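Please read the structure below before turning to the comments.
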Amino acid sequence: MSYPIIPLVPGKEAAVGFWHPWIFSGALVQHPVLDQHRVLPGHGDLVCVSDRQGKIIGTGTFSNKSSIAIRVFEFREAVIDRAWFVAKIKAAAERRTESLLLSKGESGGGSATTAYRVVFGEADGIPGLVVDRFGDVVVFQISTAGLDRLRDEIVAAIDEVLAPAAIVERSDIAVRREEGLNDFVAIHKGDVNAPIAFEENGLSFVADVQAGQKTGFFLDQKDLRKWILAHGVTGSVLNLFSYSGAAGIAAMKSGAERVHNVDGSADALALCQKHAELNGVDANAFTTQMTDVFDFLNANKESRYDAVMVDPPALIKAGRDVEEGKKAYHFVNRAAMRLVNNNGLFITSSCSHFLPEEDLAFILRRASVQAGVRLDVLAVIRQAADHPQSVYFPESAYLKSFVCRVSRN
């Protein structure tokens, strides 16, 4: 099978040569000489790209709507079909077994972890595809027009490699608008009538795979929850942007006396209560409050907690939002660290890849001086191993958490 060939502007081949999977529209020759049939690529078509000598240096999908014009699947000429997806998903699944020690439990002591990310888009060589596994249910998301046209092959490959009881699609993410795509949610195999139960390092959780955020649960923070379990959190805890309260459950199981979860979603806070029940946590000690976190921080300036955890959604969603987003991160962190008792813990996260780790550290430095506290970093925790960072795709490094001890003069 041959695909239309799009030449790159001379001098624009470097990124592809070093295996970065994104080619921006400015790197494409505007009026390319294509294959012998002169077939112009359509939105979502599979294409090849060539260098100035005409050598094919990549195969991927084409977009005429996004600034990312081509997402490269192979850095050579290749056929992207069902067999290709089977091989890539199988390789990704095998990497998880090696990195997470899933057969023995992530903690190494036999405590099972039955939910993890199987495919992490570009980091696993399948740009635009996310696949998560929750026990015997697999949930996937498609974010590009190219993969949208390959849905049947993707579903068949997932079924062949992972053999789940159910396959759910949650392609209802905002980035699809940039590709001119509508939301698409479906159950491709099996029946799913309730949230899916799973285990993580001895904790019991559920994922709302049909209506919850993302694919139903934030699996990328499992290493932070693992740190909390291993090192312990004591006393009173404030959990801001709590979502389903998973970090709060880890705090309770590691020694906290009570956790107050604050989030703007009633559904998320209902999951907090469900997780308390599943893990034998007293509901009176695991309280919830539905409100905007910014409003909460404006209204609560003198309260004190032995630990405060902050894990907002990405406050910088695009490059144009960087400056305003930094101001939001500064406000949230400054206001939240003021609520920590002397010698207490402050745990703060950012999931925006537009905010590098060093920029978050700078925000914490300024915020702590203004808040009149000192932060001593105990740990810096990044995304879990099932969300691998690729040296070829720096954008895959997005999640960072600082665990700090707070001291007051």
With Cα extents along the principal axes in Å defined as stated, name the option among [x] 70, 51, 39; [y] 79, 61, 42; [z] 73, 46, 36 computed from the structure displayed.
[z]
Any aspartates and glutamates with Cα under 12 Å of the Lys214 Cα? List them, leaving off those in the same chain fewer than 8 positions away.
Asp132, Glu169, Asp172
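Could the peptides 187-199, 216-228 be put in order, highest first, of the mean number of other beta-carbon atoms found within 10 Å of their residues?
Answer by packing, highest mean first, reads 216-228, 187-199.
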Within a 10 angstrom radius of the beta carbon, how do Arg304, Arg338 rank from fewest other beta carbons to most?
Arg304, Arg338
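With n ≥ 4 as the cut-off for DSSP H runs, can you work out [θ] at 222 nm for the chain, using -39500 (n - 2.57) per run divided by the number of residues, rounded to the nearest 500?
One gets -8000 deg cm²/dmol as the mean residue ellipticity at 222 nm.
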From the square roots a ≥ b ≥ c of the eigenvalues of the alpha-carbon gyration tensor of segment 5-74, which class results: rounded (a/c under 1.5), prolate (a/b over b/c), or oblate?
rounded
Checking segment 231-303 for GluC sites (Glu not before Pro) in a loop per DSSP with at most 14 other beta-carbon atoms within 10 Å yields Glu302
Between Asn341 and Asp159, take the C-beta separation as r, use R0 = 51 Å, and let me know the FRET efficiency to the nearest 0.05.
0.50
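Once fully extended, how much extra length lies between Thr97 and Arg177, figured as 0.36 nm per residue of separation less the alpha-carbon to alpha-carbon distance?
My answer for the length gained is 25.4 nm.
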Is segment 329-409 best put as rounded, prolate or oblate by its Cα gyration tensor, with a ≥ b ≥ c the root eigenvalues, rounded for a/c under 1.5, and otherwise prolate when a/b is larger than b/c, oblate when not?
prolate
State, as an integer percentage, the relative contact order of the chain based on alpha-carbon contacts under 8 Å between residues 6 or more apart.
11
Take the alpha carbon atoms of segment 327-343, find their center, do the same for segment 246-288, and report the distance between the two centers in whole angstrom.
21
What list do you get for Ser143, Ser25 if you sort them by fewest beta carbons within 10 Å?
Ser25, Ser143
Cβ-based exposure ranking for Glu74, Glu179, in which fewest neighbours within 10 Å come first
Glu74, Glu179
Reach of Lys326 by Cα under 17 Å, taken over aspartates and glutamates that are not fewer than 8 positions away in the same chain:
Asp311, Glu357, Glu358, Asp359
Quick calc, Ala283 & Ala230: beta-carbon distance into FRET formula, R0 30 Å, rounding 0.05, result 0.75
What is the distance, in nm, between label points placed 7 Å from the Cα along the Cα-to-Cβ direction at Arg151 and at Ala211?
2.2
Among the listed pairs Lys65/Lys226; Lys12/Lys327; Lys55/Lys189; Lys222/Lys317, give every one whose C-alpha distance is greater than 32 Å.
Lys65/Lys226; Lys12/Lys327; Lys55/Lys189
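Computed from the coordinates by the stated procedures, all read-outs in this text should not be read as laboratory data. Source: prediction; values computed, not measured. Counting neighbours? That spans all protein chains shown, and the Cβs are built from the backbone with ideal geometry, glycine included.
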